[in-house]
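These notes concern the structure reproduced below.
The values are calculated or read from the model by the stated rules, or taken from the named source; none is laboratory data. Worth saying up front: this structure is predicted, and the values here are computed from it rather than measured. Quick reminder, even Gly has a Cβ in these numbers, built from the backbone with ideal geometry, and neighbours come from all protein chains shown.
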Amino acid sequence: MSDLLISPYQAGDEVAMAAIAPRAFGVWARYGIDYSLPRDRVEDEYREEALGYAETIRAADPNLAVFVARLDDAIVGYIVIGIDLHRTRRFGVKWGQLISLAVDPDFHHRGIGKALVARAMAWFREERCEYLDVETDQNNVAAIRTYEGAGFRTIYSGLHLSQRLD
């Protein structure tokens with residue numbers, strides 16, 4: 001495998017992030033698994049989410065960071081992380097959150113998610129976080145294994161219920 005490089009977000013990376021997001025989340029994430037929703041709007045939702053993270057980074061929010069994974073100069077994944085200010089104030093410890101992890105499905109099973117999470121963990125240590133959270137879909141076994149491999153443990157499992165009203 002070529003050399004994998006994990007680096008901070010740079011202006012322009014959002015183009016690749018917006019292309020990866022619907023491919024990465026279109027099967028596993030909340031809107032992706034709800035097949036009653038129009039596919040084009042689901043894809044737009046994930047594209048806009050990725051673009052929103054980039055916009056926040058460009059606004060120089062010190063409580064958010066984005067790292068991208070580059071393979072042969074192409075972006076193949078990204079991770080969005082941040083400080084949860086509410087929980088930090090509430091519990092009196094600096095509280096971090098892995099907000100979004102996306103790897104292009106064409107590049108799964110190459111350790112890219114693991115490398116992105118490792119870089120995120122280093123950032124949290126640099127920021128002196130004492131507690132970290134991450135949420136993922138119960139069916140996303142690859143993500144669960146990645147997070148557990150980084151030391152996370154399930155402490156809560158819930159259900160998201162939805163209904164379409166006619």
**Request:** Six or more apart or on different chains, Cβ under 6 Å: which pairs go from a residue in segment 117-141 that's at negative phi to one that's loosely packed, with under 14 Cβ neighbours inside 10 Å and not polar (S, T, N, Q)? Could you list them?
**Result:** Glu130/Val93; Tyr131/Val93
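In this structure, is Ala74 out of contact with any strand residue (DSSP E or B) (no Cβ under 9 Å at 6 or more places or on another chain), within 30 Å of Asp3 (Cα to Cα), modelled with pLDDT under 90 and loosely packed, with under 13 Cβ neighbours inside 10 Å? Full working, then the answer.
On the way: out of contact with any strand residue (DSSP E or B) (no Cβ under 9 Å at 6 or more places or on another chain): yes; within 30 Å of Asp3 (Cα to Cα): yes; modelled with pLDDT under 90: no; loosely packed, with under 13 Cβ neighbours inside 10 Å: yes.
Here the answer is no, as Ala74 does not meet what is asked.
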**Residue, surrounded by the fewest Cβ atoms within 10 Å (Cβ to Cβ), within segment 88-105, restricted to residues that are touching a residue at least 12 places away in the same chain (Cβ under 8 Å) and in a helix (DSSP H, G or I)** = Phe91
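So that you can scan it fast, the table gives a plain yes or no per residue for (1) touching a strand residue (DSSP E or B) at 6+ places or on another chain (Cβ under 6 Å); (2) of a type outside the set (Ser, Thr, Tyr); (3) over 21 Å from Thr146 (Cα atoms):
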site: Val80; (1), (2), (3): yes, yes, no
site: His86; (1), (2), (3): no, yes, yes
site: Gly96; (1), (2), (3): yes, yes, no
site: His108; (1), (2), (3): no, yes, no
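Restricting attention to segment 84-106, which residues are polar (S, T, N, Q) and modelled with pLDDT under 95?
Ser100
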**Message:** Under 6 Å between Cβ atoms, which residue pairs at least 6 apart in sequence (or on different chains) link something in segment 149-166 that is in a loop (DSSP other than H, G, I, E, B) with a partner that is loosely packed, with under 10 Cβ neighbours inside 10 Å?
**Reply:** Arg164/Ser36
**Request:** Mind counting the residues in segment 52-71 that are surrounded by fewer than 19 Cβ atoms within 10 Å (Cβ to Cβ) and touching a helix residue (DSSP H, G or I) at 6+ places or on another chain (Cβ under 6 Å)?
**Result:** 1
**Request:** Could you tell me whether any residue of segment 138-146 is among the charged types (D, E, K, R) and either loosely packed, with under 12 Cβ neighbours inside 10 Å or within 30 Å of Val15 (Cβ to Cβ) (or both)?
**Result:** yes
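In the list Glu126, Glu135, Glu130, which residue meets the criterion of being modelled with pLDDT of 95 or more and surrounded by 11 or more Cβ atoms within 10 Å (Cβ to Cβ)? Steps first, answer last, please.
Details: Glu126 fails: surrounded by 11 or more Cβ atoms within 10 Å (Cβ to Cβ); Glu135 fails: modelled with pLDDT of 95 or more.
Of the residues listed, the single one that is modelled with pLDDT of 95 or more and surrounded by 11 or more Cβ atoms within 10 Å (Cβ to Cβ) is Glu130.
May I ask you to verify whether Ala69 is touching a Gly at 6+ places or on another chain (Cβ under 6 Å), outside any loop (DSSP other than H, G, I, E, B), modelled with pLDDT of 95 or more and within 23 Å of Gly149 (Cα to Cα)? So that I can check it myself, show each step before the final result.
Working: touching a Gly at 6+ places or on another chain (Cβ under 6 Å): yes; outside any loop (DSSP other than H, G, I, E, B): yes; modelled with pLDDT of 95 or more: yes; within 23 Å of Gly149 (Cα to Cα): yes.
Yes: the conditions hold for Ala69.
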**Message:** If Glu49 satisfies all but one of (1) more than 21 Å from Asp137 (Cβ to Cβ); (2) buried (at least 17 other Cβ atoms within 10 Å of the Cβ); (3) among the acidic types (Asp, Glu); (4) without any contact (Cβ under 8 Å) to a residue 60 or more places away in the chain, what's the number of the condition it fails?
**Reply:** (1)
